[in-house]
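Please read the structure below before turning to the comments.
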Amino acid sequence: MNCDCIKRLEATVKDFHQPEVNAPIESVRCQNIMWTFGKGGGEHIGIPFRVKADAVGYRSAKGKEFSVKASYCPFCGVSTKQESGDE
Ligand SMILES: [Zn+2]
């Protein structure tokens, strides 16, 4: 990610919901986070896909879930590719 939208929005969501919660909110975490490793690695927005097949690991009712890294931040529109990118 080339922006701080995830951290910024987690803080915004916490501030927005705190008045409705009768205890201090301990944490707010975006649920579509995926991690990549190596060059350009780190925290990214991942869009979940499910693959069903008659094979081990893919036979459940919903199939096997994979996340695909978003090419652009869905909140601010900035490209998620590394600045010096060779992705
Ligand atoms: Zn963003």
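A straight line joining the Cα centroids of segment 1-17 and segment 36-79 runs 21 Å. Placing unit charges on the Cβ atoms only, positive for Lys and Arg and negative for Asp and Glu, gives segment 5-69 a dipole magnitude near 400 debye about its Cα centre. Taking the number of Cβ atoms within 10 Å of each Cβ as an exposure proxy, the fewest-first ranking of 20, 43 is 20, 43. Using the rule -39500 (n - 2.57) for each DSSP H run of four or more residues, divided by the residues of the chain, the 222 nm mean residue ellipticity is -4500 deg cm²/dmol. Oblate is the label for the chain. Its Cα gyration tensor axes, ordered a ≥ b ≥ c, give a/c of at least 1.5 and b/c at or above a/b.
Using θ = phi - 60° in the Karplus curve 6.51 cos²θ - 1.76 cosθ + 1.60, the 3J(HN,Hα) couplings for segment 54-65 round to 7, 8, 3, x, 10, 8, 5, 3, 9, x, 9, 8 Hz; x is entered for Gly and Pro. Listed by chain and number, the lysines placed with their C-alpha closer than 19 angstrom to that of residue 64 are 52; residues fewer than eight positions away on the same chain are left out.
Every read-out reported here was derived from the displayed coordinates using simple, explicitly stated rules and does not represent laboratory data. On a predicted model such as this, the values are computed, not experimentally measured, just so you know. Every residue, glycine among them, receives a Cβ derived from its backbone with ideal geometry; neighbour counts consider all protein chains shown.
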